[in-house]
1. PRE reach from I138 (point 7 Å along Cα→Cβ): which of segment 76-91 fall under 18 Å by backbone N?
2. By counting other Cβ atoms within 10 Å of each Cβ, how are I133, I117, I102 ranked from fewest to most?
3. Using only the Cα atoms of segment 74-153, what semi-axes does the equivalent ellipsoid have when each is the square root of 5 times a gyration tensor eigenvalue? Give whole Å, largest first.
4. Please list, by residue number, every one of the trypsin sites (Lys or Arg not before Pro) in segment 82-159 that is coil in DSSP and has at most 11 other beta-carbon atoms within 10 Å.
5. Using a 10 Å cut-off on Cβ atoms, rank the peptides 41-48, 124-131 from the highest mean neighbour count down.
6. At what distance in nm do the modelled label points of E26 and V114 sit from each other, each positioned 7 Å from its Cα along Cα→Cβ?
7. If packing is taken as the mean number of other Cβ atoms within 10 Å per residue, what is the order of 85-91, 104-110, highest first?
8. Provide the net charge surrounding I102, with neighbours chosen by a C-beta distance below 12 Å and charges set as Lys +1, Arg +1, Asp -1, Glu -1.
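A short reminder: the numbers here are calculations on the coordinates, not readings from a lab. Keep in mind it's a predicted model, so treat the numbers as computed, not measured. Note that we place each Cβ from the backbone using ideal geometry, even for glycine, and neighbour counts take in every protein chain shown.
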Amino acid sequence: METNPPHQPPPPPVAQAVPASSMNMECPYCKATLRMEPSQAGSAVTCSQCGGKFQVPLPTAVASVGASGSPLRPEVKAFAEKKIAAGICGILLGCFGIHKFILGFTAAGVIMLVVSIVGCVFLGPTVMSIIGIIEGIIYLTKSDEEFYQTYAVEKKAWF
C-alpha cells in the first residue's frame, strides 16, 4: 500500500467542466489562476496546481443574492426586509392582523381586527389566529423574490 509522504501536497483534484457562471481567482500560494464556482464562496478548496488549501473569500460587492445567485434588486431587498417581521407577527399576533398592516394591506388588517374584536368570544379570535399562523409560516418559507412577487407585485392579501 502506497501513501504520500507528509511533505508532499495531496494530488490535485480531477478537473471538471466549468459553467460560464464561474469566476477566476488567484491561488495565494502559487499565483495560478483558478476557476471557481460562485457556490464555492466561503468554502475551503485545494489548488489544482500546487495542492495548497485555502478558503475562497465571500463576495463583498453583493450584500444579498436571490435564489438564482443574482443580486437582489433594491426594491425586492427593501420589501423583503418586512418578511421576518410580518411572519413573526402573523404567528404570534395573527388574530389582530398586524402582519397585514406591516405589508400594507390595511383593509385585510382591519377585517382581521374587527372579526377578532366583534366576533364571538371564542370563534372570531381563534379563526383569525389560525389564519395568522398559516400566513406567518407561508411568509417565512418563501424566498425573498417569491415574497416580493406575491405580496408587492401581485398584491395578494390572503394566503
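1. So the set is 80, 82-91.
2. Values: I133 15, I117 12, I102 18.
Exposure proxy ranking, most exposed first: I117, I133, I102.
3. Numbers: eigenvalues 120, 27, 13 Å².
After diagonalising the Cα gyration tensor, the semi-axes are 24, 12, 8 Å.
4. Working: sites: K82, K83, K100, K142, K155, K156; in loops: K142, K155, K156.
Passing both the DSSP loop test and the Cβ count: K155.
5. Values: 41-48: 14.5, 124-131: 17.4.
Order by mean packing, descending: 124-131, 41-48.
6. 6.7 nm
7. Working: 85-91: 20.1, 104-110: 15.1.
Going from most to least packed, we get 85-91, 104-110.
8. Numbers: positive: K82, K83, K100; negative: E81, E135.
Value of the local net charge: +1.
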